[in-house]
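Input: a single structure, listed below in structure tokens.
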Amino acid sequence: MSARWIPFVRPTHFSRAPHLVRFARHALAAAAASAFAINAHAQSTASPGDANVALSGTTVSARRLDAARNALSPDTGSSVYNFDHTDIEALPLGANTPLNQVLLQAPGVVQDSYGQLHVRGDHANLQYRIDGVIIPESISGFGQAIDARIASQINLITGALPAQFGYRTAGIVDIHTKGSPGLADGTADTGEPPKAFGGEVGVVFGSHADREVSTQLYGTKGALSYYFSARVSANDMGIENPTGDRNAIHDHTNQTNAFGMMSYLLNPDNRVSFMFGTANNRFQIPNLPGVAPQFTLDNGATPDSSSLNAHQRELTDFQVLSWQSHVSPKLDTQISLFHRTSRVDYTPDPIGDLVYNGVASNITRRNEAYGVQADSSYKLTDRHTLRFGLFVQQEHFSVDNTSSVFPADDNGQQTSGTPLTIVDNANDRGTTYGLYLQDEWKATDRLTLNYGARYDHVNTVTNEGQLSPRLGLTYDLTSRTRLHAGYSRYFTPPATEKIDTTSVAKFLNTTNALPSDANTAVRAERSDYFDLGVSHQLTSAITVGLDAYYRRVNHLQDEGQFGNALIYSTFNYENGRIYGVEGTVNYRQGNVGAYLNVALSRAMGQGIETGQFNFGADELAYIANHWVHLDHDQQVSASAGVSYQWGRTLLSADALFGSGLRSGFVNSEHLPAYLQVNLGVGEKFNLPGVGRFDAKLSVLNVFDRVYELRDGTGIGVGAPQFGPRRTFYLAMSKPF
């Protein structure tokens, strides 16, 4: 039996230092460029009948263009955490790990209910890029619109971001797909020609009636490369259980996800590509037993709180058409046209929601976006590389809200048992555009600076703009130690799909009357971000890192669930301050890999500036004069993992620790700390008559700890949510 090392999460501050950990895309760029230089002549003189040479030429050109595309996005001065496909396979759930669970293994990432993530004290505010293209945001919900199995590499970029990145700035989830020749079938690592047709089928069975079928299809034929992935799944634990019981009541989900990418090499220096994604996810809203009705209906029986029948559906799809060109030895560019539609439908229990909550709302939120993104790099000299680009997006968004409510007096007391119907619809259009210019300057062999600026303007529910300077640097103190630092001015416009358009006046004197009559439009957030970090290779097997950050914020944006629908709405604090420190330790030696990440964070806000109608008078008065914790503020978070490869068997474990999210009046308390440990055992089989197939047994929450993510209290917090109880999964897959 042979053994090999499985790498894990890797901080990449050493990407330019000799003898140290190197960022995969830089290594890829060098390898692809060298390969192209060696094989260019062979490609141009190959005979038409030499299939291997032709395929090799296609692969080399595609990899060279991949490297050029990746080089359009610098990370000087930022913190970058990289997961390649081997890292993902080494997680207890392997390739079936949801994308948000993959990202939780990076430092400074905090989990929340409904699959939400908070990075460095921000509420979501993540930007997703696929092969360098921004994927327009979908309406917030709890489904996974992007499947981790499509990725050959995932980078989480945080800290002081270069001018390339705007709008969503807590972190950039940079996904490199398996769409290039040889990445899906593994031939890119062996040097063999990629398959013309290949793929994989897989199934997953687990606790809570979990069942899943997935497939991947890929190949390269001449100048055409393609990759498709699809997944259909169902289980009885779609949303976090509102009780600590093992099984939730009314919590079934059906989910369908698909992704596809096709690229065509026009010539060695130009290619066009088309990618698409779609998600159709349906959820039952889990019930909380033992709740007493709060209102009385004249006609009709009142259902038990465990028998309600509310549902939510999420639909998202996107399409991207890109042209990439190596225009000259100095100039590379990529231009993309994109389109995205997103929709969320909440269907209440028509009687249950009314008698328990005083309102039963049929809510539909729609958002459609289309636009263009262009990024270019120009090598001015050996020491200066200019990067510049633009982003333009047009949106149309709408909210349909038809609500049944009871009449009420000025104190909110029900005055009649006959419900009223109120229609509260809204729609609008908006435009967002941005421009950036930056220079990467290799001042010395040890010092690299990236300085520039971007200008953004948004005209949606708000009409604002800002010029944002950026500065980042890396300095190699020694061959084993790298320092990075950065400053970024950020402009974060409100996400239009999260704007609450509720008309306060329409619900006066009803059981859905809002606590305040103030209704100020949401504003763009503006902040100054400072980041300082150091990485050190302690030994050939151990790398350590330390990173500190501070953010001073005006018009701080936060999100809350106000109402029964599991849809989030944005509001502003007048001021905010967010700061923290992260530590990482990574070990890799032979067939063993391990990591430990610990983060301390504090996120505070003062003064409710917009969305006041969602707050009570006592809350508004207190927050106006006091700094309060944001609802997603968690003081301590940690992740750890270890893997051991023994021949064809992979043993892995990981763990998540959290000191507890905020709760209570104005987030003045926090929930108890929790620890969840997960295990996985994977085996690769090769049987006569069957061939190769893989199997993996996974156990989540091995010690069956009962813990709460939310208890139903706090600013903008809905129902209680508990973490998963002990759960078993068996996954099997067969490549072909």
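The numbers here are math on the coordinates, done by the rules we state, and not lab data. Owing to the predicted nature of the structure, the values given are computational and were not obtained by experimental measurement. Here Cβ is always computed from backbone atoms with ideal geometry, including for glycine, and neighbour counts include all displayed protein chains.
Modelled spin-label separation between D428 and S398, with each label point placed 7 Å from Cα along the Cα-to-Cβ direction: 1.6 nm. Normalised by 2.2 N^0.38 Å, where N is the number of residues, the C-alpha radius of gyration of the range 487-624 stands at 1.47.
You can think of it this way: the chain between Y475 and V504 has 5.0 nm of extra reach, that is 0.36 nm per residue less the Cα-Cα gap.
Too long at a 30 Å Cα-Cα cut-off: which of K178/K696; K221/K442; K178/K330; K178/K498? Too far apart for the 30 Å limit: K221/K442; K178/K498. Given (1) 86, 61, 48; (2) 77, 65, 58; (3) 112, 94, 46 as candidate values of Cα extents along the principal axes in Å, which corresponds to the one derived from the coordinates? Comparing each candidate, only (1) matches the computed number. Starting from the coordinates of the alpha-carbon atoms of the range 267-398, obtain the Kirkwood hydrodynamic radius over all distinct pairs and give the value in Å to one decimal. One over the average 1/r among Cα pairs gives 19.2 Å for the range 267-398.
Starting from the Cα of V203, step 7 Å toward the Cβ, then list every residue of the range 697-736 with an amide N under 16 Å from that point. 697, 729-735, by backbone N distance to the label point. For the peptides 437-447, 290-300, the ranking by mean Cβ contacts within 10 Å, running from highest to lowest, is 437-447, 290-300. Based on DSSP H runs of at least 4 residues, each adding -39500 (n - 2.57), what is the mean residue ellipticity at 222 nm of the chain after dividing by all its residues, to the nearest 500 deg cm²/dmol? Calculated mean residue ellipticity at 222 nm is -3000 deg cm²/dmol. Ordering M604, M261 from the fewest to the most neighbouring beta carbons within 10 Å gives M604, M261.
Computed extension gain for V272 through V706, at 0.36 nm per residue and net of the alpha carbon distance, reaches 151.2 nm. Suppose R0 equals 35 Å; then what is the FRET efficiency for S668 and Q414 from their Cβ-Cβ distance, rounded to the nearest 0.05? Computed FRET efficiency for S668 and Q414: 0.70.
Backbone amide hydrogens, once placed in the peptide plane, bring G718 within less than 5 Å of Q561, excluding anything fewer than 5 places away on its chain. Once Rh for the range 85-234 is found with the Kirkwood sum over Cα pairs, what is the Stokes-Einstein diffusion coefficient at 4 °C and 1.567 mPa s, in µm²/s? Rounded to a whole number, D works out at 77 µm²/s. Starting from the Cα of Y622, step 7 Å toward the Cβ, then list every residue of the range 527-566 with an amide N under 14 Å from that point. Backbone N within reach: none found. Here's the picture: a label point sits 7 Å out from the Cα of E683 along the beta-carbon direction, and within the range 193-233 nothing has its amide nitrogen under 16 Å of it. If you plug the beta carbon distance of T713 and F530 into 1/(1 + (r/R0)^6) with R0 = 25 Å, you get a FRET efficiency near 0.15.
As a proxy for reagent exposure, K178, K195, K330 were ordered by neighbouring Cβ count within 10 angstrom, fewest first; the result is K330, K195, K178. This model, with +1 at the C-beta of Lys and Arg and -1 at the C-beta of Asp and Glu, gives the chain a dipole about its Cα centre of some 2760 debye.
Taking the number of Cβ atoms within 10 Å of each Cβ as an exposure proxy, the fewest-first ranking of D345, D409, D694, D531 is D409, D345, D694, D531.
Counted residue by residue at 0.36 nm each, then reduced by the alpha carbon distance between them, the extension gain from A541 to S307 reaches 78.7 nm.
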